[in-house]
Amino acid sequence: MDMENSAHGAERWWGSALVTLGLVLFAVIGLVAFAMIRDPGGYYDDWVPGDGIDGPEASYEWASAGLRVEFTDTSEIGDVPIDRWQWDFGGGDVSSEPNPTHQFTEPGEWDVTLDVVDDNGRSSKAEGTVEIDAAGAGAGDASIGMADMADKVVDSVDRASKGGLVVMLVIGLLIVLTLIGGRLVRYGVRLLRPGPDKIQMKLRPKELELAVADEVEHGQPHVEVIESSQSADAILAGEERQDVPVGV
């Protein structure tokens with residue numbers, strides 16, 4: 001009896017421990033899911049961190065008077081100031097000044113580019129077309145070039161794809177933990193639930209003979225009587241294990 005009580009006590013202890021562990025898993029999963037819903041961008045940045053360094057974004061403005069054009073750097077700086085400027089006015093003419101003035105040789109449209117590099121070595125390039133009218137004035141601006149823009153798009157797509165993969169893995173992990181928590185709680189409850197007592201049924205041969213004779217005498221349908229030792233679960237489920245016919 002003491003051993004049986006000890007076994008029941010161990011089952012209750014393990015059942016309580018499994019239920020507690022399952023509920024803790026559910027709580028952790030709920031907190032993580034709630035935090036993801038509240039601030040998805042923050043979790044995205046944590047899962048897929050960038051290099052943490054912002055570079056410059058090149059741009060410029062120009063104003064012409066005849067063949068003479070004044071250029072003004074309007075580039076946006078990143079984390080650190082711009083350190084170098086490289087202008088290309090076409091036809092082999094270049095300048096390294098931040099805001100140069102250039103004399104073109106003839107009117108028309110000239111492709112002008114500006115490359116800027118900051119103290120971190122990050123670079124950006126602006127591309128634009130300057131329209132020169134020898135007898136008049138003009139003005140315009142230029143922004144980040146297509147090649148530079150394409151690089152930024154590729155970096156963004158690459159980061160987003162990695163982020164999507166990480167998000168899918170995290171969601172899959174949460175689902176697995178949820179299933180594990182459910183299994184732990186279910187198994188723990190099963191251990192805590194008291195098991196059915198064994199029910200022993202045994203009829204002696206003399207009693208079997210009297211029962212059968214009484215049925216035959218009163219014309220009742222024949223019922224086969226068996227000697228059986230079964231658990232309560234088996235009896236309630238209508239299952240018979242190790243049943244041995246002992247009477248007809």
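The values are calculated or read from the model by the stated rules, or taken from the named source; none is laboratory data. Just so we're clear, the structure is a prediction, and the values are computed from it rather than from any experiment. Every residue, glycine among them, receives a Cβ derived from its backbone with ideal geometry; neighbour counts consider all protein chains shown.
Annotations
- Odd one out for Arg68, checked against (1) at pLDDT 90 or above; (2) not assigned by TED's automatic domain parsing to the domain that holds Glu109: (2)
- Evaluation of Ser64 against (1) in contact (Cβ under 8 Å) with a residue 40 or more places away in the chain; (2) surrounded by fewer than 21 Cβ atoms within 10 Å (Cβ to Cβ); (3) not hydrophobic (A, V, I, L, M, F, W, C) (one fails), failing number: (2)
- Hey, Leu31 loosely packed, with under 11 Cβ neighbours inside 10 Å and either on the phi > 0 side of the Ramachandran plot or at pLDDT 80 or above (or both) or not: yes
- Restricting attention to segment 35-65 and to residues that are touching a Ser or Thr at 6+ places or on another chain (Cβ under 8 Å) and farther than 30 Å from Pro107 by Cβ, the residue that is modelled with the lowest pLDDT turns out to be Gly55.
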